[in-house]
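Trainee: I'd like to ask some things about the structure below.
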Amino acid sequence: MDRLWWVFLRFFFRLLYNEFAWAYDVVAWVVSLGQWTAWGRTTLPHLCRGRVLELAHGPGHLLVAMKGYGLAPVGLDLSPYMGRLARRRLQKTGLAVPLVRARAQALPFRDGCFDSAVSTFPTEFILDPATLRETARVLRVGGRLVVAAWARLSERDPLSRFIGWLYRVTGQAEPLPGGGEAVLAEAGFTSRIVWERVGPSQVMLVVGECTYAGW
């Protein structure tokens with residue numbers, strides 16, 4: 001039964017990020033009690049100035065925020081559905097941001113061309129050693145990877161308690177599964193955990209300093 005449940009969840013999240021991408025913002029708003037985009041923006045002060053690669057840019061909210069923050073973002077996503085949503089959002093705001101469709105495990109960029117990389121509430125792809133090696137490769141030495149890995153609601157009311165339960169049964173309550181810190185270290189990152197408060201909730205950021213100098 002457990003195996004079937006996880007198969008169902010993987011199928012659901014795949015649909016939400018692809019064919020059902022049109023519903024992504026609504027689902028994100030509900031499960032975060034309206035704080036989803038604010039949670040993502042907690043990454044901004046931790047990014048190095050300059051070029052920033054967003055891994056799995058989704059509908060493009062953070063790309064717009066980074067541009068307004070004075071950064072030079074580039075968005076990468078494998079989902080063509082998310083690519084279309086992000087492109088429309090950027091067009092509506094009149095912003096020009098390069099969008100690339102590719103896998104995070106095989107980044108189509110030269111070595112050391114980014115100052116930072118960022119990802120907000122990513123799926124397990126972020127802890128794939130190939131993803132982290134590629135991210136380290138395209139960052140300059142001393143560059144930074146910032147991942148909004150997890151958010152914790154106050155659970156002081158019935159709705160937030162229910163959503164907290166929902167996180168747990170869908171496997172979203174574990175911030176760094178599978179020894180994430182060790183995987184980061186092996187890929188060339190010195191990592192630390194930073195907590196940021198957003199209203200009654202807290203966001204856990206993983207901030208990794210890149211020490212990679214060529215494999």
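Trainee: Does residue 86 qualify as being closer than 18 Å to residue 184 by Cα and crowded, with 16+ Cβ neighbours inside 10 Å?
Mentor: Details: closer than 18 Å to residue 184 by Cα: no; crowded, with 16+ Cβ neighbours inside 10 Å: yes.
Considered against the rule, which asks whether it is closer than 18 Å to residue 184 by Cα and crowded, with 16+ Cβ neighbours inside 10 Å, residue 86 comes out as no.
Trainee: Let me ask another. Across the range 126-152, what is the number of residues that are surrounded by fewer than 19 Cβ atoms within 10 Å (Cβ to Cβ) and within 10 Å of the chain's Cα centre (by Cα)? Let's see the steps before the verdict.
Mentor: Our first condition is that a residue be surrounded by fewer than 19 Cβ atoms within 10 Å (Cβ to Cβ); within the range 126-152, this holds for 128-130, 133, 140-142, 152.
Now restrict to residues that are within 10 Å of the chain's Cα centre (by Cα): none.
Of the residues in that region, 0 qualify.
Trainee: Scan the range 83-106 and tell me whether some residue there is among the polar types (S, T, N, Q) and touching a residue at least 40 places away in the same chain (Cβ under 8 Å). Before you say what the answer is, go through the steps one by one.
Mentor: Filtering the range 83-106 down to residues among the polar types (S, T, N, Q) leaves 91, 93, 105.
Adding the requirement that they be touching a residue at least 40 places away in the same chain (Cβ under 8 Å) leaves none.
Checked against the condition, which is being among the polar types (S, T, N, Q) and touching a residue at least 40 places away in the same chain (Cβ under 8 Å), the range 83-106 yields no hits at all.
Trainee: Going through the range 41-78 one residue at a time, which ones are open to solvent by less than 10 Å² (accessible area, probe 1.4 Å) and assigned to a helix (DSSP H, G or I)?
Mentor: 63, 66
Trainee: If we only count helices (runs of 4 or more DSSP H) wholly inside the range 129-208, which ones have 3 or more residues that are at pLDDT 75 or above?
Mentor: Details: elements: 129-138, 158-169, 180-187.
The helices (runs of 4 or more DSSP H) meeting that bar are 129-138, 180-187.
Trainee: Could you run through the range 98-112 and say how many residues are under 14 Å from residue 75 (Cα atoms) and either touching a helix residue (DSSP H, G or I) at 6+ places or on another chain (Cβ under 8 Å) or assigned to a loop (DSSP other than H, G, I, E, B) (or both)? If you could, list the steps in order and put the result at the bottom.
Mentor: The initial filter retains those residues of the range 98-112 that are under 14 Å from residue 75 (Cα atoms), namely 98-104, 107-109.
Adding the requirement that they be either touching a helix residue (DSSP H, G or I) at 6+ places or on another chain (Cβ under 8 Å) or assigned to a loop (DSSP other than H, G, I, E, B) (or both) leaves 98-99, 101-104, 107-109.
Qualifying residue count for the region: 9.
Trainee: Which numbered condition trips up residue 104, out of (1) in contact with a strand residue (DSSP E or B) (Cβ under 6 Å, 6 or more places away or on another chain); (2) open to solvent by 40 Å² or more (accessible area, probe 1.4 Å); (3) of a type in the set (A, V, I, L, M)?
Mentor: Result: residue 104 passes all but (2).
Trainee: Among the residues of the range 129-142, is there at least one that is free of Cβ contacts under 8 Å to residues at least 40 places away in the same chain, at negative phi and of a type in the set (Lys, Arg)? Please lay out each step first, then the result.
Mentor: Narrowing the range 129-142 to residues free of Cβ contacts under 8 Å to residues at least 40 places away in the same chain: 130, 134.
Checking which are at negative phi leaves us with 130, 134.
Retained after the next criterion (residues that are of a type in the set (Lys, Arg)): none.
For the range 129-142, residues free of Cβ contacts under 8 Å to residues at least 40 places away in the same chain, at negative phi and of a type in the set (Lys, Arg): absent.
Trainee: Please go through (1) closer than 17 Å to residue 30 by Cβ; (2) modelled with pLDDT under 90; (3) open to solvent by less than 60 Å² (accessible area, probe 1.4 Å) for residue 214 and return the number of the only condition it doesn't satisfy.
Mentor: For residue 214, the exception is condition (1).
Trainee: Considering only residues that are among the β-branched types (Val, Ile, Thr) and within 17 Å of the chain's Cα centre (by Cα), look in the range 76-118 and name the one that is farthest from residue 65 (Cα to Cα). Walk me through how you get there before you give the answer.
Mentor: Of the range 76-118, the ones among the β-branched types (Val, Ile, Thr) are 93, 97, 100, 118.
Now drop any that are not within 17 Å of the chain's Cα centre (by Cα), which leaves 100, 118.
Values: 100: 18, 118: 13 Å.
Among those residues, the one meeting the criterion is 100.
The values are calculated or read from the model by the stated rules, or taken from the named source; none is laboratory data. In this text the structure is predicted, and so the values were computed from the model without any measurement. Reconstructed Cβ throughout: ideal geometry from the backbone, glycine too, with neighbour counts over all protein chains shown. For the accessible areas, the whole protein counts, side chains as well, though only heavy atoms, and no ligand, DNA or RNA atoms are used. Shrake-Rupley method; radii C 1.70, N 1.55, O 1.52, S 1.80 Å.
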